[in-house]
Amino acid sequence: MTGKEFVNALANGKSDIIQILLDILSKTGSRYCLIGGLAVNAYVEPVVSLDMDVVAAAEDVEAICKAAKEHGLKIEQFEHSMNITSPNSDLRIQLQTDPRYQRFVSFAQDRDMLGYRMKVARLEDVLQGKVWAYMDKTRRKSKRQKDLADIFRIIEKYPQLKVSLPQSLREELDK
């Protein structure tokens with residue numbers, strides 16, 4: 001079973017929503033990068049997730065959403081994201097609109113992920129995004145615990161990055 005077949009089977013995919021998104025990004029000429037848990041998987045042992053967090057250059061978000069609607073995808077706007085879903089897949093694409101992530105796009109690197117070739121935020125940026133998510137007290141505790149686990153996964157493989165963490169988080173890791 002290929003990576004694509006695995007992720008689509010996991011997501012009950014009747015259509016390949018990741019490939020649809022990648023085609024939209026290519027067609028619209030959008031600059032983007034993968035962040036979040038799936039991006040963590042590009043650097044450490046993978047963990048399954050049905051969320052795909054993507055940052056697109058701010059000027060490309062409207063064109064991406066328009067093209068997604070033309071492909072029959074549903075768009076929901078939230079405070080810091082545009083969520084893209086399909087009735088043909090359980091995978092949820094979260095197009096992040098929080099301006100803090102914009103600089104990640106410029107440093108993104110091509111990587112093979114789940115059988116797809118896509119832009120992934122560099123490791124330091126993925127870690128920074130996870131720190132922001134974990135430190136956000138408005139997020140559900142279960143989501144914050146997953147963010148903390150992702151931070152642990154990164155620091156275990158790249159211990160030199162521990163110094164870049166806030167002191168309170170370094171203390172949490174030392175417990």
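Just so it is clear, none of the values below were taken in a lab; they were calculated from the coordinates. Remember, it's a predicted structure, so these values are computed and weren't measured experimentally. Methodologically, a virtual Cβ is constructed for each residue, glycine included, from the backbone with ideal geometry; neighbour enumeration extends over all protein chains shown.
Taking the C-alpha atoms only, the angle from helix 61-70 to the longest principal axis of the chain is near 40 degrees. Antiparallel beta bridges, as assigned by DSSP with both residues in the chain, represent about 75 percent of the total such bridges. Of the cross-linked pairs LYS74/LYS119; LYS14/LYS66; LYS66/LYS137, those separated by over 27 Å at the C-alpha level are LYS66/LYS137.
If packing is taken as the average count of other Cβ atoms within 10 Å, what order do 125-132, 148-155, 21-28 fall into, highest mean first?
Details: 125-132: 21.9, 148-155: 19.2, 21-28: 17.2.
Packing order, densest peptide first, comes out as 125-132, 148-155, 21-28.
Compute the angle between helix 141-157 and the longest alpha-carbon principal axis of the chain, please, reported from 0 to 90 degrees and rounded to the nearest 10. Roughly 70 degrees, rounded to the nearest 10.
Listed by chain and number, the aspartates and glutamates whose C-alpha is less than 15 Å from the C-alpha of LYS69, apart from same-chain residues fewer than 8 away, are ASP23, ASP60. Could you give the Stokes-Einstein D for the chain in µm² per second, using the C-alpha Kirkwood radius, 37 °C, 0.692 mPa s? Once the numbers are plugged in, D ends up at 198 µm²/s. Excluding same-chain neighbours fewer than eight residues apart, the aspartates and glutamates reachable from LYS175 by a Cα-Cα span under 17 Å are ASP147, ASP150, GLU156.
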